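Here the structure is laid out as structure tokens; the discussion comes afterwards.
The values are calculated or read from the model by the stated rules, or taken from the named source; none is laboratory data. Please read these numbers as outputs of a predicted model, since none were measured by experiment. Reconstructed Cβ throughout: ideal geometry from the backbone, glycine too, with neighbour counts over all protein chains shown. With ligands, DNA and RNA removed, areas are computed over all heavy atoms of the protein, side chains included. Shrake-Rupley method; radii C 1.70, N 1.55, O 1.52, S 1.80 Å.
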Amino acid sequence: MQRIDLRSDTVTLPSEAMRAAMASAPVGDDQYGEDPTVRALQERIAGLLGKEAATFVPSGTMANQIGLKLLTRPGDDVVVGDEAHVVWHESGAAAANSGVQFTVVGSGGLFTAADLRAAYKPPGHIIFPPTTLVAVENTHNRGGGVVFPQEDVGAICAAARELGIASYLDGARLFNTAVTTGRSLAELAAPFDVVSVALSKGLGCPVGSLIAGRADDMVRAVRARRMFGGAMRQSGILAAAGLYALEHNIARLAEDHANARLLAERLADTRVQIDLATVQSNIVIFRVPEPLPDAATVVRRAQEKGVMVSAFAARTVRAVTHLNVDATQCRHAAEVLARAVSSD
Ligand SMILES: *Cc1c(COP(=O)(O)O)cnc(C)c1O
């Protein structure tokens, strides 16, 4: 039985060509600034995002944690969208590392400038924690891979500047946003002070994220990376995968999006609850209402047929498409899931 793994786009394996690029990469000690491949990747990403500089880090979580560290002080309040990665998926790191609290606004991961203004707490108040940062996630993972509307992004960041607070973009899947919208990475990143992107999701690299922003912020980011234990040595081996992926794996994300679409449309023919309007990239999230089996049962039944998906909540299931699954496999997975969600 073939195994079709749709648990995450992080499960991808490096291709032979990517491994070859990694094996032949020139490297040096990055702590001395001497790894030419890391430097090339950082310059390339900074250029693509239209920022002065970028810093290579081991994970998207570390990128987010460095962003929070740079842009807040302990006791500050950070405004984020519903179901944000920094709130749900980082093991409480924001509280432990930066001592911040979150105010969650909007719904389905999205929010507006009006939501930010309503949640904003000014500095100097004797009771309120000062809001010093707003963070946007694009595409939004737990929101089902939705694209954050760029008009709202512009308005939120303009409001942030007016309020005198910083803005951060968790762009772990910003390449997917770029492919869905046809907008450049630079355009998507422009409104923000600091931006992160991941190589280990849809781009298919084994390891790595980058954080980008002003040159002086990146000097501080390099120190924070060291403090968090993420400073690396001959990391050009990993950066080479990133450079390879930037050349070969961005445009093909459109295939992942088409595969997510066909999976979602098949599921929409069943009794699950799925909002096809939210299926805008490579993530499909659906609800299995009573009397259908719960998420754990659906996951188990699908796995028995070789299809792996995630139980995201008691009655919520997530499937993610990526470069190691093709349209035929996704069509097969859709049939397996359609059977797994039936009540008998
Ligand atoms: C995956 C992801 C991250 C980073 O995750 P790591 O597993 O630490 O690389 C950050 N933000 C979002 C929205 C993600 O989906």
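Computed quantities for the displayed model
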{"item": "Accessible surface, per residue, of the chain when the full set of protein chains is kept, probe 1.4 Å, Å²", "result": "41"}
{"item": "Spin-label model distance (nm) - residue 287 vs residue 117, 7 Å beyond Cα toward Cβ", "result": "3.1"}
{"item": "Listed residues 58, 302, 93: farthest to the positive end of the dipole of the chain (Cβ charges)", "result": "302"}
{"item": "Within the accessible area of the stretch 87-189 (1.4 Å probe), percent carbon and sulfur", "result": "58"}
{"item": "Electrostatic dipole magnitude of the stretch 143-274 [Cβ: Lys, Arg +1; Asp, Glu -1; Cα centre; debye, to 20]", "result": "540"}
{"item": "Long-range amide H partners of residue 315 with built H, under 5 Å", "result": "295"}
{"item": "Simple Cβ-charge dipole of the chain, Lys/Arg +1 and Asp/Glu -1, about Cα centre, in debye nearest 20", "result": "460"}
{"item": "Residue with peak Gaussian network fluctuation, the chain [Cα springs, cutoff 10 Å], from 177, 278, 139", "result": "278"}
{"item": "Dipole of the chain, positive direction: furthest Cα of 237, 280, 340, with charges on the beta-carbon", "result": "340"}
{"item": "Under 5 Å, built H, 5+ apart or other chain: amide partners of residue 145", "result": "140"}
{"item": "The stretch 221-276-the stretch 61-98 distance, computed between alpha-carbon centres (Å)", "result": "21"}
{"item": "Residues residue 251 and residue 275, FRET efficiency given R0 of 25 Å [Cβ-Cβ distance, rounded to 0.05]", "result": "0.40"}
{"item": "Backbone N within the stretch 239-274 under 15 Å of label point (7 Å from residue 20 Cα along the Cβ vector)", "result": "241, 244-245, 248"}
{"item": "When the convex hull of its Cα atoms is projected in every direction, mean area for the chain (nm²)", "result": "17.4"}
{"item": "Dimensionless Rg/Rh of the stretch 24-90 - Kirkwood Rh, Rg from C-alpha atoms", "result": "1.07"}
{"item": "GNM flexibility winner over the chain from 246, 68, 188 (Cα, springs under 10 Å)", "result": "246"}
